[in-house]
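Derivation of every value follows stated rules applied to the coordinates shown; laboratory data play no part. Note that the structure is a prediction, hence the values are computed from the model and not measured. Every residue, glycine among them, receives a Cβ derived from its backbone with ideal geometry; neighbour counts consider all protein chains shown.
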There are 2 protein chains.
Amino acid sequence: MGEDTVYLDNSTSTRMDERVLEAMKPYFLENYAVATSEFAYSDGIKAKEALDEARKSLASSLGCEAEEFIFTSGGTESSNLAVKGAARANSDEGNHIVTTEVEDFPVLNSMEALEKDGFDVTYLEVDDEGFVDPTDLENSIKDDTILVSIQHANQEIGTLQNIEALSEVCEEEDVIFHTDATHTFGRVPFNLGDLPVNLATVSAHTIHGPKGIGGLYVEEGTQIEKQMDGGFQEKGLRAGVENIPGAVGFAKAADLITEEENEEIKDMRDELIDRLMSEVSDTTLNGPREDRIPQNANVTFHRVEGESITLHLDMRGFAVSTGSACFSRSLEASHVITGIGGDHERAHGSVRFTFGRFNESEDVDLIVEAISEVVNELRDISPLEGD
Amino acid sequence: MGEDTVYLDNSTSTRMDERVLEAMKPYFLENYAVATSEFAYSDGIKAKEALDEARKSLASSLGCEAEEFIFTSGGTESSNLAVKGAARANSDEGNHIVTTEVEDFPVLNSMEALEKDGFDVTYLEVDDEGFVDPTDLENSIKDDTILVSIQHANQEIGTLQNIEALSEVCEEEDVIFHTDATHTFGRVPFNLGDLPVNLATVSAHTIHGPKGIGGLYVEEGTQIEKQMDGGFQEKGLRAGVENIPGAVGFAKAADLITEEENEEIKDMRDELIDRLMSEVSDTTLNGPREDRIPQNANVTFHRVEGESITLHLDMRGFAVSTGSACFSRSLEASHVITGIGGDHERAHGSVRFTFGRFNESEDVDLIVEAISEVVNELRDISPLEGD
């Protein structure tokens, strides 16, 4: 596989950009020192400068101050730290938390852990395109609500929430607002300095950066309790020897994204949706046509299993996936598709396509042709066909 | 600095082995898929095979089964997961935990967090060379003791505990035994299959492997509660998209270590200790002469600040450190040196030397010469001199 595969699955596959590896290399092979302060030798200080530079660069991409950005081992850790950290640090002010039923697993399962610890969690419903109604959020907030966590965009169907309205509700109600921005960072312009968001999760591997590194925006003044104890790294909020090659690679990955690239990605994605809708019968677009992240399409091909499509596309050299990265090894129905009102048949027939830097417009022709053939073949042999 | 620097600080500096980077490269640039099961496309399955292979290789180095080894983001996370995870999973059987006063910060500060949650922690004292007396351990264990965490070797003074005796006490008392093996893995032969150790922390960056990756040995049947929620990775004990390049690099780093290398390292270290003791006046070796990890020397140069020595050696092109990696940015007295009965003067005058693969025997001549000069110069200008 490898070189000949057409990847339409950039959050779980494709590859790291070679320029990211080049940027990381000196911090693997030349200066591998632990970041230190002025009390130690000069390579430690240089290492700290590289870390600071990466932090500053990422903060600038996010529209926040460098002091408001901490490195973690990835989006999962960031969301755990945000959700559990904010809940535990503010538990003297209440024990009620609000989230949605379509969050990705790091948030969803952190909520479950908090429920076991005695917190009370409200799971907001979403509409049939995956949107949270800001009025529903407003109505859910009670006197003892301390935290709201609503994703910026959905990991499977790409629905882009009205983060302005949602975060403003929280600001008015004086409740901490966390958003999982894993699937928007780099691909959808937003400026944390202009939004009343208090905590935001971002990750590197979804933007052709390294695995094993992520970040959390912690707005100045937002109280969170560290979840990892040890040294005093990352403003005392995240212990552990800093992964400087990872941080440098993360910053480089964010730096390499251009507006043009995002427009090209959106054009390819739009063409894919249009053509699948018109050229393959009995399909449903999951998520909205417009307000979705530019890289994502998610389509149900009725009366066919998404897993079968994935396998047959794989044999033809296409990498797509069902569900989210966290999810793709389970055969359970997607909680996102059922969350937007889809039944199990719709959930099991859904396929997620994610475009990235390395896709070319001819990929759309190739995948549409392959999908048409695969879906028709599978429907021909399906026991459901003709029912 | 960089190329001309003589590193004697391998756990916090030196560099990653180029062969490790070569091993990681294909998993950055060619197959960057998320590890998946048979339900997905073939690159995901290949990625899972690479992860399994790395796990198997590391498990074989440790003398355990592949199923007993999980990947984490580093030693800090491993120790947090081991200590908090075991305490929380077994809290229905008791709330007493035993550790030592000279543990590294990930264990020590996890204990502090557990104390806030209502656990009762006993901190065993060590003798003047840093050893824990197995009889003290035995006497500390009560009916409600659920966990013991004692490091395999000390992060600063290199004292190698009698892990056989300590773990046997725990086995007899039916108490879970965790050991932080960060500074022994690769450098001191041990076989987890032969020892009644239940949990062991290891890390990659101390053996010329990548940062941001570590591991935890979880003996079959040992109950721990996951600390990071999300997907179902790592047997459900550690959520998060797997860092496959990191895992492959970790396995390669462990693979590259040879017995000969460890002997060479020990010879250099022994020569350094002998010469510093005989050629520099008023020095104290911290930790034992014999039962210490081969790469470590830790010496107090009385009436001189360790920080000053570090800075002056840095100007001459030598990288050494005071304290541990977690510690080196603080000016507090080392809790390890005070733990072995040293006063603040002894703690502040201590310097840690750590040998690695890239040291050569001439480094010993160079550092002894430089240290003699620096210490004499500093003593000449010290206000303490002549007191």
Would you grab the residues whose amide H sits under 5 Å from the one on B:G231? Only those 5+ places off in sequence or on another chain, please, with H modelled 1.01 Å from N. B:G240
Cα atoms only, the stretch A:144-240: Rg and Dmax in Å? 14.2, 41
Shape category assigned to the stretch B:95-176 from the gyration tensor of Cα positions, a/c cut at 1.5: oblate
Residue and distance (whole Å) for the chain A Cβ nearest the axis that superposes A on B: A:S73, 2
With a cut-off of 8 Å between alpha carbons and a minimum separation of six or more residues, what is the relative contact order of the stretch B:18-256 in percent? 28
Sparse-neighbourhood loop hits (GluC sites (Glu not before Pro), the stretch B:180-274; DSSP loop; Cβ within 10 Å at most 16 others) -> B:E220, B:E225
Value of relative contact order over the stretch B:93-132, rounded to a whole percent, pairs C-alpha under 8 Å and six or more apart: 53
Out of B:K116, B:K226, B:K252, any idea which swings most in a Gaussian network model of chain B, alpha carbons joined below 10 Å? B:K116
Toy charge model, Lys and Arg Cβ at +1, Asp and Glu Cβ at -1: the stretch B:113-247 dipole around Cα centroid in debye, rounded to 20, equals 1040
Give, rounded to the nearest 20 debye, the magnitude of the charge dipole that the stretch B:18-256 has about its Cα centre when Lys and Arg contribute +1 at Cβ and Asp and Glu contribute -1 at Cβ. 1500
Work from the charge dipole of chain B (Cβ charges, +1 for Lys and Arg, -1 for Asp and Glu, about the Cα centre) and give the residue of B:G287, B:L62, B:A47 farthest towards its positive end. B:A47
B:E290 and A:D174 label points (each 7 Å along its Cα→Cβ direction) are spaced in nm at 6.7
The stretch A:58-176: relative contact order as a whole-number percent, Cα under 8 Å and 6+ apart: 26
Could you tell me the extents of the protein assembly as shown's C-alpha atoms along the three principal axes, largest first, rounded to whole Å? 93, 51, 51
Which of B:L237, B:L137, B:L29 moves most in a GNM of chain B, Cα contacts under 10 Å? B:L29
So, in nm and shortest first, the distances from A:L366 to its counterparts in the other copies, with label points 7 Å along Cα→Cβ, work out as 5.1
Roughly how compact is chain B, stated as its Cα Rg over 2.2 N^0.38 Å to two decimals? 1.01
If you take the charge dipole of the stretch A:18-256 about its Cα centre, with +1 on Lys and Arg Cβ and -1 on Asp and Glu Cβ, which of A:H96, A:S149, A:G214 is farthest toward its positive end? A:G214
Could you give the size of the charge dipole of the protein assembly as shown about its Cα centre, using +1 on the Cβ of each K and R and -1 on the Cβ of each D and E, expressed in debye and rounded to the nearest 20? 940
Restricting the count to DSSP beta bridges whose residues both fall in the stretch A:18-256, what percent are antiparallel, rounded to a multiple of 5? 40
Bridge type composition, the protein assembly as shown - antiparallel percent by DSSP, nearest 5: 55
at B:E49 the sorted inter-copy label distances (label 7 Å from Cα on Cβ side), in nanometres, are 4.5
Please identify every one of the GluC sites (Glu not before Pro) in the stretch B:332-376 that sits in a loop by DSSP and has no more than 15 other beta carbons within 10 Å of its own beta carbon. B:E332, B:E360
Violations at 19 Å Cα threshold for listed pairs A:K266/B:K25; A:K25/A:K252; A:K48/B:K211; A:K25/B:K25; B:K56/B:K235; A:K84/A:K226 -> A:K266/B:K25
Once the label point is set 7 Å along the Cα-to-beta-carbon vector, what list of distances in nm do you get between A:G118 and its counterparts in the other copies? 0.7
Of all GluC sites (Glu not before Pro) in the stretch A:22-83, which ones are in loop regions per DSSP and have a Cβ with at most 11 other Cβ atoms within 10 Å? A:E38
Other chains near A:312-322: what is the mean number of their Cβ atoms within 10 Å of each residue's Cβ? 3
Taking Cα atoms only, helix B:361-381 is inclined relative to the longest principal axis of chain B by an angle, in degrees rounded to 10, of 50
Helix-derived [θ] at 222 nm for the protein assembly as shown: sum -39500 (n - 2.57) over DSSP H runs of at least 4, divide by residue count, nearest 500? -12500 deg cm²/dmol
Tell me the label-point distance for the pair B:E259, B:D117, using the 7 Å Cα-to-Cβ offset, in nm and rounded to one decimal. 4.3
Kirkwood-based shape ratio for the stretch B:231-387, expressed as Rg/Rh from alpha carbons: 1.07
